[in-house]
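Notes for the one structure printed next.
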Amino acid sequence: MALGIEARLGEGYLTTKLDTILNWGREYSLWPYVFGTACCAIEFMSTAASQYDIARFGAEVLRYSPRQADLLMVCGTVSYKQAPILRRIYDQMSEPKWVVAVGACASTGGMYDNYCTVQGIDNIIPVDVYVGGCPPRPEAILDALMKIQDQVRGESVLNDRQKDFKGILDR
């Protein structure tokens, strides 16, 4: 006797879009790589610790290689000497990838308006979310993580996310 489709699939089945399933997995399994150069990196450590618990958002697996990460957290001041290193780290990350500028220094150069400090990492790499503060509170970093999750939720696997960007390294 031939079984009907309902008997072969069980009581129920789920239909959805490929984008929805892939983005759901990406959204709750972000693997951050922290490029920490100043006091903002200390605040990120507080965010990752048990009191604020970044694990609630699926980002507790900190990576120590950019090849294994999909979320770059730039925490602190970036000098022109560090700019090629930051660009290389960004280039080593596989797609899709997202970038968060944590703190005033990473976002705009902060109080360091001088010859050796990059006035915002968006001169080097594309930035998805900016976190203000000097240093920002852990809640602000968690808010940035939730904004990245919202961005991931709305992306399509059919659209190429490659960002053509010419920064200060091309000078």
Among 45-56, 119-130, how do they line up from the highest to the lowest mean number of other beta-carbon atoms within 10 Å? 119-130, 45-56
I need two numbers for segment 78-164: Rg to one decimal and Dmax as a whole number, Cα atoms only, in Å. 13.9, 43
In segment 24-171 the accessible area split gives carbon plus sulfur, as whole percent at 1.4 Å, a share of 52 percent
Taking only Cα atoms of segment 1-147, the Rg to Rh ratio with Kirkwood Rh works out at 1.17
On a 1.4 Å probe surface of the protein chains, which of Lys81, Lys147, Lys97 comes out largest in accessible area, and what is the full order? Lys81, Lys147, Lys97
To the nearest Å, what is the center-to-center distance of segment 39-77 and segment 103-134, using C-alpha atoms only? 18 Å
For segment 77-122, shape from the Cα gyration tensor axes a ≥ b ≥ c, cut at a/c of 1.5 then a/b versus b/c, turns out oblate
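The values are calculated or read from the model by the stated rules, or taken from the named source; none is laboratory data. Not measured: the values here are computed from a predicted model. Here the Cβ is made from the backbone with ideal geometry for all residues, glycine too, and neighbour counts use every protein chain on show. Just so you know, the surface numbers come from the protein's heavy atoms only, side chains and all, with ligands and any DNA or RNA stripped out. Shrake-Rupley method; radii C 1.70, N 1.55, O 1.52, S 1.80 Å.
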